[in-house]
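Asks: For reference, the structure I am asking about is given below.
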Amino acid sequence: MAEQCQKAGHLFALGCGANSTDANQTWGATFGAFGADLVDGKGNVIVDSDPVREVLDYVKRFVPYLPSETIAYDDASNNKAYIAGSAALIWNPPSAWAVAKRDAPAIAADTWHFPTPRGKAGRLVPHRPYFWGVWQWAQNKSAAKDLMAFISQRDIVSKLSIPAAGYDIPPFLSMADLPIWADLEPPKGTLYNYPVRPHHEAEYYIVGSSAPPEFGVLIWSHSMIPAMVARIVSGQPAKKVIDWAKVELEGIRR
C-alpha cells in the first residue's frame, strides 16, 4: 500500500524523530506486533533476537516510502503533512482530524480511522493511560474518591465524551460503544474504529511494557525504538543497529 501511494505522490507520513510521542507509539507498536521486545520482564536485554531482526528488515523495506525528513519529524510534522493533503496515511489519534475539520474541511471529510496492523504477536493499539489519584496528605480523601467514582460512571463518561470530541478513551472496554464515535462527522462514523472493539481482535499496548516498569519508562524516554528505526533509515545495517541498542540498553539498566 505504501508503495502504491508513493507512486501516486502521497507518502506514508511516519516519523522516527527523537522525543516524539508519535514516533514512540508508531514504531513501538510495530516492534511489539513482531514480538520484537528489547527487554524482558526480568530486565534482561534481549534486543539481539530474530524478531528484532525481522522488524528491522521490515523497516528497511519501508524506507523508500517514508518522507525524506522522517528522522527530523516531531509530533506536529505528520499532522502538517496530513492537513496539507500530501500524506496518504498518518498514525495518529483523531486530534489531527479535529484540526482538519477546523482548518481543512475537505481533508477531514476524506478521512477514515482504522486499527493498527496485525503482526505475529497480534494487533497492538498504542496506549498511554492516565489516572486520577488522591494524595496521601489530602484533607478530604472520602470526597475525592466519591468524585472519581462519580465521573467514572457510564452516563457521565458519555456526557464528557461530547466536548472532548471522542478523543478521550474511557477507562473500561465496556464503554467502547458510546454513540460519540459512530455519530461524529465528516464523514459520519469516521471515528468508529478509534476505540478498541471486539471485532478488531486487538489489545491496548504500552510501548516498553515487556520490561519492568522502571526500565520500560526509560525505553520510552530515551526514544530507543525510534532511534533504532532512524539508524536503519540512515543506512546502517541491522547488526550495527542491534549492537548499538545493546550498549545503550545495558547503560540504561546500570
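The values are calculated or read from the model by the stated rules, or taken from the named source; none is laboratory data. Computed from a prediction, not measured in an experiment: that's the story for all the values here. Methodologically, a virtual Cβ is constructed for each residue, glycine included, from the backbone with ideal geometry; neighbour enumeration extends over all protein chains shown. SASA here: full protein model, heavy atoms, side chains in, ligands and nucleic acids out. Shrake-Rupley method; radii C 1.70, N 1.55, O 1.52, S 1.80 Å.
Asks: If you scan the stretch 167-218, which residues turn out to be among the polar types (S, T, N, Q) and touching a Leu at 6+ places or on another chain (Cβ under 9 Å)?
Replies: Thr190, Ser210
Asks: Looking at Ala109, Ala182, Ala104, Ala144 in this structure, which one is among the small types (Gly, Ala, Ser) and touching a helix residue (DSSP H, G or I) at 6+ places or on another chain (Cβ under 8 Å)?
Replies: Every option except Ala104 fails the conditions.
Asks: Here's another thing I want to ask about it. Please go through the stretch 111-134 and give me each residue that is in contact with a strand residue (DSSP E or B) (Cβ under 7 Å, 6 or more places away or on another chain) and either small (Gly, Ala, Ser) or farther than 20 Å from Pro93 by Cα (or both), ordered by number.
Replies: Answer for the stretch 111-134, where residues must be in contact with a strand residue (DSSP E or B) (Cβ under 7 Å, 6 or more places away or on another chain) and either small (Gly, Ala, Ser) or farther than 20 Å from Pro93 by Cα (or both): just Gly122.
Asks: Another question about this same structure. When the residues of the stretch 99-137 are filtered to those that are closer than 20 Å to Ala202 by Cβ, open to solvent by 90 Å² or more (accessible area, probe 1.4 Å) and of a type in the set (D, E, K, R), which remaining residue is farthest from the chain's Cα centre (by Cα)?
Replies: Among those that are closer than 20 Å to Ala202 by Cβ, open to solvent by 90 Å² or more (accessible area, probe 1.4 Å) and of a type in the set (D, E, K, R), it is Lys120.
Asks: Please specify each residue of the stretch 57-73 satisfying the condition of being farther than 13 Å from Pro226 by Cβ and not hydroxyl-bearing (Ser, Thr, Tyr).
Replies: Asp57, Lys60, Arg61, Phe62, Val63, Pro64, Pro67, Glu69
Asks: Residues of the stretch 26-81 being in a helix (DSSP H, G or I), farther than 19 Å from Ala211 by Cα and free of Cβ contacts under 8 Å to residues at least 24 places away in the same chain, which ones?
Replies: Passing the criteria: Glu54, Arg61, Asn79, Lys80.
Asks: Identify, by number, the condition in (1) over 19 Å from Thr26 (Cα atoms); (2) of a type in the set (Gly, Ala, Ser); (3) surrounded by 16 or more Cβ atoms within 10 Å (Cβ to Cβ); (4) under 20 Å from the mean Cα position of the chain (by Cα) that Ala202 doesn't meet.
Replies: Result: Ala202 fails condition (1) only.
Asks: Starting from residues that are in contact with a strand residue (DSSP E or B) (Cβ under 7 Å, 6 or more places away or on another chain) and within 22 Å of Ala245 (Cβ to Cβ), keep the ones in the stretch 42-84 and report whichever is surrounded by the fewest Cβ atoms within 10 Å (Cβ to Cβ).
Replies: Ile46
Asks: Conditions first: (1) in a helix (DSSP H, G or I); (2) under 30 Å from Lys246 (Cβ atoms); (3) among the basic types (Lys, Arg). Arg102 passes all but one, so which condition is the exception?
Replies: Result: Arg102 passes all but (2).
Asks: Let me ask something additional. Ala96 is checked against (1) touching a Phe, Trp or Tyr at 6+ places or on another chain (Cβ under 9 Å); (2) open to solvent by 20 Å² or more (accessible area, probe 1.4 Å); (3) without any contact (Cβ under 8 Å) to a residue 24 or more places away in the chain and fails just one. What number does that condition carry?
Replies: Just one mismatch for Ala96, condition (2).
Asks: Follow-up question, since we're still on this one. Please tell me if Ser174 is open to solvent by 20 Å² or more (accessible area, probe 1.4 Å) and under 25 Å from Ile156 (Cβ atoms).
Replies: yes
Asks: Being open to solvent by less than 70 Å² (accessible area, probe 1.4 Å), modelled with pLDDT of 95 or more and part of a loop (DSSP other than H, G, I, E, B): is that true of Leu14 here?
Replies: Criteria met by Leu14.
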